[in-house]
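Okay, structure first, notes after.
The values are calculated or read from the model by the stated rules, or taken from the named source; none is laboratory data. These numbers were taken from a predicted model, which means no experiment stands behind them. Cβ sites come from the backbone with ideal geometry, for glycine too, and all protein chains shown count toward neighbours.
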Amino acid sequence: MKNKQLAILLMLLSSLNFSIMQTAVKLAENIPVIEKVLFRNFISLIIMFFIIKKNNFSYFGKKENQKYLIGRSVFGFLGVVAFFYATNNLILSDAAILNKLSPFFVTIFAFFLLKEKLSKVQVPALIIAFIGACLVIKPQFTFEAIPAFSGLLSAILAGAAYTLVRYLGDKEEASTIVFYFSFVSVVCSIPFVITTFVMPTFYEFILLLGIGIFAATGQITLTYAYKYAPASEISIFSYSNIIFSSILGYLVFSEISDYLSIIGGLLIIVSSYIVFLYNKKTHIS
């Protein structure tokens, strides 16, 4: 199997794992969000601990990168909390669609913080994606809109986190960045879990383990996908997560998106595809 084909397969597998994780999050409806976040990151922390130990990498990175590692970790932690809350209260596909806005926020943050230039394609793509998000959220100033705004907030926070990951890319090992994020997330979760802890049933405990295992597997396969092929060639396949979440949402919860959410999702995917084609063409030339 050629490297690019393997990378695409790994990207699809990563998206499937994240969709199964999302399904487990919603199935464990009686468990507080922060408790699910703790399990998601604790299992990842254990896995990354042994990976770093095997490769003799640094667990907490270099001294000069601490503020960026902390920033990435805090934004990432809050993003996961917001995403899990949205998943609990929205249909799976809508939560997945809103979370997939994060690459557009990376573009915005990178423009302001990393001084990266906006291309002639990215600006209209951002506008199209924003319109798509509005169709999914269907803005209204009621409590019913809070989960949708939480989904949007998860994308904004993830965008901030990934922007810092981009900055740290050639300064720290990927496993160090993931371990640091998992460690900070576990530490931040524990005080809240202590005050809201709900003893899981055996079934719920299996779901919590599933959240952690599928999240970690999704992260690992994603990392290896980018190892075998450039992001400019395979990033678009991460949007298969929306398709997988739609299928699982229908099969497990009998969820069907309304026509506005479907149109909004299509607009976001189309705008992503336009940017993908432009990046691929630029990368080749």
Every residue from the stretch 112-129 that is surrounded by 15 or more Cβ atoms within 10 Å (Cβ to Cβ), without any contact (Cβ under 8 Å) to a residue 60 or more places away in the chain and hydrophobic (A, V, I, L, M, F, W, C) = none
Hey, among Val136, Val187, which residue is of a type in the set (A, V, I, L, M, F, W, C), crowded, with 19+ Cβ neighbours inside 10 Å and either over 13 Å from the mean Cα position of the chain (by Cα) or at pLDDT below 95 (or both)?
-> Val136
If you check Glu64 against the conditions, is it more than 27 Å from Ala28 (Cα to Cα), charged (D, E, K, R) and surrounded by 15 or more Cβ atoms within 10 Å (Cβ to Cβ)?
-> no
If you go through Phe109, Phe149, Phe105, the only one that is closer than 25 Å to Glu64 by Cβ, surrounded by fewer than 23 Cβ atoms within 10 Å (Cβ to Cβ) and touching a residue at least 12 places away in the same chain (Cβ under 8 Å) is Phe109
When the stretch 1-60 is checked residue by residue, the ones that are free of Cβ contacts under 8 Å to residues at least 12 places away in the same chain and of a type in the set (Val, Ile, Thr) are Ile46
Options Phe141, Phe104, Phe109; residue that is modelled with pLDDT under 95, more than 16 Å from the chain's Cα centre (by Cα), in a helix (DSSP H, G or I) and not acidic (Asp, Glu) = Phe109
Note on Thr195: of the conditions (1) at pLDDT 90 or above; (2) surrounded by 15 or more Cβ atoms within 10 Å (Cβ to Cβ), unmet is (2)
Residue, nearest to the chain's Cα centre (by Cα), within the stretch 85-97, restricted to residues that are in a helix (DSSP H, G or I) and surrounded by fewer than 24 Cβ atoms within 10 Å (Cβ to Cβ) | Tyr85
Is the stretch 152-172 home to any residue that is touching a Gly at 6+ places or on another chain (Cβ under 9 Å), over 30 Å from Ile52 (Cβ atoms), aliphatic (A, V, I, L, M) and surrounded by 21 or more Cβ atoms within 10 Å (Cβ to Cβ)?
-> no
